[in-house]
Amino acid sequence: MISVDEAKKIIIENVSPLVPIEVYFEDARDFCLAEDVRSDIDMPPFNRSAMDGYAVIAEDTKTAPVVLKIIENIAAGDMPAKKVSQGCVSKIMTGASVPEGADAVVRFEDTDDTGTEDRVKILKSVKTGANISNRGEDMQIGQIVLHAGMQIRPQEIGILATVGKSVVRVYPAPAVGIISTGNELVNVDEKPSPVQIRNSNSYSLAAQARRMNAGVEILGIAGDRKEDIVEIMTRGLQKDVLILSGGVSMGEYDLVGDVLKEAGVRIYFEKVALRPGKPVIFGKKDKTLIFALPGNPVASLVTFELFIYPAIRKLMGFSSLCRTTVAALLETDISTKRRRREFRPARCQWKENTWSVSPVEWHGSADLLAMTKANCLLIIPEETEKLSKGQFVDIILLDNLC
Ligand code: AMP
Ligand code: MG
């Protein structure tokens, strides 16, 4: 049986980014940039006033308080018409172009009325360059402002707008198909008989993939018969990623592994030393990545985060592939006898300058309700029998926490 780290490594080695596509820049949010983007302008494009005030010759303010003559009123978007010469100023607004001759801006707050419209009293002296942003100080024409491989966040969207890059190359999100297997499963809108349960995994897995922007098709429920699984799987093999849930354990009706092999899927591993989620299959057929996860809902959720999350990140061109792991202070003792690496549903909180964590009450890999109280997975390393209150442990953050 391979370790969690080995399993992740095998997956990452066998996944390549999808072929980039062009999208309208507003639709590029959260995707990975597939090209370098250059600026077609200097930013700022002209010497720009950073304040509402008066464009002055700094030297003229040395003897402040001093009364100077107002020769022009320049709003943002106006082209200055007059050169500022000794003893003169132009009234100027934030974002307006600083007129020729002026080398500083005095803020309105540092001036006073003189009672006459064409004169202003400067109360404080300013240094050359004060309150002026120089042309090209933020970025220059031709400069690479965004690099291939960057995740496009709101600030990158803003830069794309700034440089007029309205169509941009990004790595696409994969098409994901999801199949749940099990004779006992019924649809959400059905009332289960005393020996049935509703299919929840298709929906939690779909939600996990969709929050990574993947396009998801829920392909349905296959009974525990080879023909049933083969039939639905044929449709699933058209996708970039096919996820199957259930039917991968040692039971008599756990047929997924056999069906995959008979369909010509190359299997890379079938078991990983972890809890929950030991039986987990990763395979490939042509371009399709295939993950067969255990049916227990927590195991399915955890194995998605551990194995499918990095695979989708890699398909989408990202270089940081795994969810964030941080150290947290353990708030209770934990004992375990497992030799496999364990991932416990837990709740963390930022307290007194550090993350603190406690496991949530949990009855095992079927107890999905426990996951609704968790926001992270607490890692219990292999061969660990006891973790003590007050020690640091690693936790995997599952949500955007604040
Ligand atoms: P299996 O991996 O098929 O042996 O299933 C393990 C457990 O998970 C069984 O109790 C199943 O009923 C349950 N299970 C399997 N598939 C699903 C599903 N799609 N939604 C909810 N529970 C499931
Ligand atoms: Mg089953």
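Quick notes on this one:
- Of all residues in region 170-196 being more than 30 Å from D36 (Cβ to Cβ) and surrounded by 21 or more Cβ atoms within 10 Å (Cβ to Cβ), the one that is farthest from ligand 1 (Cβ to nearest atom): G177
- Filter result (over 21 Å from T372 (Cα atoms), part of a loop (DSSP other than H, G, I, E, B) and of a type outside the set (V, I, T)) within region 319-347: S319, S320, L321, C322, D333, K337, R338, R339, R340
- Comparison of K287, K337 shows that the only residue that is surrounded by fewer than 21 Cβ atoms within 10 Å (Cβ to Cβ), within 27 Å of A28 (Cα to Cα) and over 24 Å from the mean Cα position of the chain (by Cα) is K287.
- Check on G257, assigned to a loop (DSSP other than H, G, I, E, B) and at pLDDT 95 or above: no
- Some residue of region 224-243 being outside any helix (DSSP H, G or I), more than 30 Å from N400 (Cβ to Cβ) and within 12 Å of ligand 1 (Cβ to nearest atom): yes
- The set of residues in region 260-292 being within 16 Å of ligand 2 (Cβ to nearest atom) and either part of a helix (DSSP H, G or I) or touching a residue at least 60 places away in the same chain (Cβ under 8 Å) (or both) consists of L260, P276, G277, K278, V280.
- Residue count for region 256-282, restricted to those that are more than 31 Å from the chain's Cα centre (by Cα), of a type in the set (A, V, I, L, M, F, W, C) and under 24 Å from A366 (Cα atoms): 1
- Of all residue pairs spaced 6 or more apart or on separate chains, those with beta-carbon atoms under 8 Å, a first member in region 362-383 that is under 15 Å from G277 (Cα atoms) and a second member that is loosely packed, with under 14 Cβ neighbours inside 10 Å are I379/T325; E382/R339.
- Top-ranked residue in region 243-255 [being among the hydrophobic types (A, V, I, L, M, F, W, C) and under 29 Å from the mean Cα position of the chain (by Cα); ranked as farthest from ligand 2 (Cβ to nearest atom)]: I243
- Residues that are touching a helix residue (DSSP H, G or I) at 6+ places or on another chain (Cβ under 8 Å) and away from ligand 2 (no atom under 16 Å from the Cβ), drawn from region 169-203: V170, Y171, A173, P174, V176, G177, V188
- Within region 151-169, restricting attention to residues that are hydrophobic (A, V, I, L, M, F, W, C) and crowded, with 16+ Cβ neighbours inside 10 Å, the residue that is farthest from S39 (Cα to Cα) is I152.
- Residue, farthest from the chain's Cα centre (by Cα), within region 84-102, restricted to residues that are part of a loop (DSSP other than H, G, I, E, B) and surrounded by 20 or more Cβ atoms within 10 Å (Cβ to Cβ): V84
- Set L329, L398: member being of a type outside the set (K, R), crowded, with 20+ Cβ neighbours inside 10 Å and touching a residue at least 60 places away in the same chain (Cβ under 8 Å): L398
- Taking the listed residues A64, A81, the one that is of a type outside the set (F, W, Y) and out of contact with any Lys or Arg (no Cβ under 6 Å at 6 or more places or on another chain) is A81, with no other qualifying.
- D30 falls short on exactly one of the conditions (1) acidic (D, E); (2) closer than 29 Å to K127 by Cβ; (3) part of a loop (DSSP other than H, G, I, E, B), and that condition is (2).
- Checked against (1) in contact with a Gly (Cβ under 9 Å, 6 or more places away or on another chain); (2) closer than 25 Å to P310 by Cα, E331 passes all but condition (2).
- Exactly one residue out of K278, K337 is more than 16 Å from ligand 1 (Cβ to nearest atom), out of contact with any helix residue (DSSP H, G or I) (no Cβ under 6 Å at 6 or more places or on another chain) and of a type in the set (K, R): that is K337.
- Residue that is surrounded by the fewest Cβ atoms within 10 Å (Cβ to Cβ), among those in region 197-219 that are more than 11 Å from ligand 1 (Cβ to nearest atom) and not in a helix (DSSP H, G or I): R211
- The single condition from (1) farther than 14 Å from N47 by Cβ; (2) touching a strand residue (DSSP E or B) at 6+ places or on another chain (Cβ under 7 Å); (3) outside any loop (DSSP other than H, G, I, E, B) that A81 fails is (3).
- Test for S358: is it more than 16 Å from ligand 2 (Cβ to nearest atom) and surrounded by fewer than 15 Cβ atoms within 10 Å (Cβ to Cβ): no
The values are calculated or read from the model by the stated rules, or taken from the named source; none is laboratory data. Small disclaimer: the values here were computed from a predicted structure and weren't measured. Positions of Cβ are generated from backbone atoms using ideal geometry, with glycine treated the same way; all protein chains shown enter the neighbour counts.
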